[in-house]
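Here is the structure we will look at.
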Amino acid sequence: MGSASNSEEEVDAKTILAIRTSAKRRHTRQANYLKALIDGGGKADDVNVALAVLEEAYTEVVRVNAKYKQADNKQEQDAI
């Protein structure tokens, strides 16, 4: 049973990593969109909306990264 538990933890860490990667990708795309909007002379309202979405994406990246670090630390402790 011990190996099944380790396997489940590995899947969880891999799943969290995939979620983290998606969150980082979303943040990067939103940052690039905001930059293009500003460089292209977009309307202030559009820039404000894009900035708010970017802030949400950043918050999500921070949240998921903390979860990933926690899972990674747990895996390291279990390996010891």
*Kirkwood hydrodynamic radius for the chain: how many Å is it when counted over pairs of different Cα atoms?*
14.5 Å
_Using only Cα atoms and rounding to the nearest 10 degrees, what angle (0 to 90) does helix 2-39 make with the longest principal axis of the chain?_
10 degrees
*Got the relative contact order for the chain handy, in percent, Cα pairs under 8 Å and 6 or more residues apart?*
45 percent
*If you put +1 on each Lys and Arg Cβ and -1 on each Asp and Glu Cβ, how big is the dipole of the chain around its Cα centre, in Debye rounded to 20?*
260 debye
_Starting from the 7 Å offset along Cα-to-Cβ, what nm value, one decimal, do you get for the label separation of Tyr58 and Tyr33?_
1.7 nm
*Select from the stretch 15-66 those trypsin sites (Lys or Arg not before Pro) which occupy a DSSP coil region and have at most 11 other Cβ atoms within 10 Å, ordered by residue number.*
Lys43
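Values quoted throughout were computed directly from the atomic coordinates according to the rules given, and no laboratory measurement underlies them. These figures come from a predicted structure and were not determined experimentally. No Cβ is skipped: glycine too gets one built from the backbone with ideal geometry, and neighbour counts run over all protein chains shown.
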